[in-house]
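Student: Let me give you the structure first, and then I'll get to my questions.
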Amino acid sequence: MPIGGADMPVVIALLNAFTGPAVAMAGFVLDETALIIAGMLVSASGGILTKLMADAMNRSMANMVIGGFGTGDGTSAATGSGAPAQAQHELGDLAKLLTDHGIDVSYAVHPVAGRTPGHMNVLLAEANVPYTQLKEMDDINPGFPPTSLSSSARTT
């Protein structure tokens with residue numbers, strides 16, 4: 001099922017929260033109090049994190065998990081700030097326009113871009129950006145000219 005760009009981190013947080021009851025149940029089975037407590041803490045903190053993330057996106061948990069999850073309808077915010085931004089689609093359209101005019105287009109995603117590792121890659125895939133255009137930063141950086149912010153270049 002497709003997941004909206006901003007829904008993915010919330011779903012991951014929710015799945016992480018669900019590991020808590022599994023650990024707690026293992027603690028009951030093994031008669032280990034530490035596992036029971038750890039499972040309860042993971043579940044509670046994961047649930048709180050999931051709720052905070054959903055609130056930050058101005059969406060209810062019910063709307064996200066039941067109403068909007070898996071629809072791929074483009075109503076979720078790409079930035080997670082509550083703004084209905086889907087900039088990856090416009091970026092994909094611009095890249096297609098440039099490619100159609102003979103301009104080589106490549107993408108490099110910073111390792112910490114987005115909320116979770118791979119978040120930006122998922123957004124580009126959602127916009128049908130060809131995976132062959134995605135490059136590693138170490139491979140694409142030498143193609144940029146050196147830049148310096150020397151004192152003579154600064155303005156006051």
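The values are calculated or read from the model by the stated rules, or taken from the named source; none is laboratory data. Predicted model, so just to flag it, every value in this text is computed and none were measured. We work out accessible area using only protein heavy atoms, side chains counted, and drop any ligands, DNA or RNA first. Shrake-Rupley method; radii C 1.70, N 1.55, O 1.52, S 1.80 Å.
Student: Which value, in Å² rounded to 10, gives the accessible area of residue 32 with a 1.4 Å probe and all protein chains present?
Tutor: Surface open to solvent at residue 32 totals about 90 Å².
Student: Given H placed on each backbone N at 1.01 Å, which residues far from residue 135 in sequence or on other chains put an amide H within less than 5 Å of it?
Tutor: Amide H to amide H, under 5 Å and 5 or more residues apart or across chains, residue 135 pairs with 107, 108, 109.
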